[in-house]
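Single-structure report; data block below.
The values are calculated or read from the model by the stated rules, or taken from the named source; none is laboratory data. Everything quoted here is computed from the prediction, not taken from an experiment. Heads up, the Cβs are rebuilt from the backbone with ideal geometry, glycines too, and the neighbour counts pull from every protein chain shown. SASA here: full protein model, heavy atoms, side chains in, ligands and nucleic acids out. Shrake-Rupley method; radii C 1.70, N 1.55, O 1.52, S 1.80 Å.
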Amino acid sequence: MSQIKAAEKVLSELKTQRANHESRGTELAAERRRLSFAAVSGNAGARKKLDALNHETALHQVELENIVAAIAEATERVDAARDHENRKAAVNC
């Protein structure tokens, strides 16, 4: 597999991960909204669930930021691989 194809494969996989994480983020937000009223109104069970959900949401957000950073790096690597191949092709002409 060429460097370009390998880099593009990684980039594609990371974009899929981002889409999955964004979908999960939407689910977490909906669950948080569902629990929030009861939790802040004194329902101890809802408060416990919301606290756990808040923890999961925080970790989820950090992981999403990591994936976004990895996508930026992967994009640079794809560009670098393309530049390298273009330079090689120019020299061989």
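Criterion first (open to solvent by 80 Å² or more (accessible area, probe 1.4 Å) and either under 30 Å from Arg87 (Cβ atoms) or in contact with a Pro (Cβ under 7 Å, 6 or more places away or on another chain) (or both)) does Lys15 satisfy it? I'd like the intermediate steps shown before the answer.
Working: open to solvent by 80 Å² or more (accessible area, probe 1.4 Å): yes; either under 30 Å from Arg87 (Cβ atoms) or in contact with a Pro (Cβ under 7 Å, 6 or more places away or on another chain) (or both): yes.
Taking the combined requirement at face value, the residue satisfies it.
Identify, from the list Ala69, Ala74, Ala7, the residue that is out of contact with any Phe, Trp or Tyr (no Cβ under 7 Å at 6 or more places or on another chain), farther than 30 Å from Ala89 by Cα and in a helix (DSSP H, G or I). First the steps, then the outcome.
Working: Ala74 fails: farther than 30 Å from Ala89 by Cα; Ala7 fails: farther than 30 Å from Ala89 by Cα.
Of the residues listed, the single one that is out of contact with any Phe, Trp or Tyr (no Cβ under 7 Å at 6 or more places or on another chain), farther than 30 Å from Ala89 by Cα and in a helix (DSSP H, G or I) is Ala69.
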Note to self: For the stretch 43-93, which positions are of a type in the set (Lys, Arg) and within 23 Å of the chain's Cα centre (by Cα)?
What the structure shows: Arg77
Next item on the list: State all residues of the stretch 18-35 that are loosely packed, with under 14 Cβ neighbours inside 10 Å and farther than 24 Å from Asn66 by Cβ; if no residue qualifies, say none.
Entry: Arg33
Notebook entry, point to check: Pick from the stretch 36-57 the residues that are open to solvent by less than 100 Å² (accessible area, probe 1.4 Å) and hydrophobic (A, V, I, L, M, F, W, C): which of them is nearest to Ser23 (Cα to Cα)?
Noted result: Leu53
Notebook entry, point to check: Which of (1) within 18 Å of Ile4 (Cα to Cα); (2) without any contact (Cβ under 8 Å) to a residue 12 or more places away in the chain is the odd one out, the single condition Ala70 does not satisfy?
Noted result: (2)
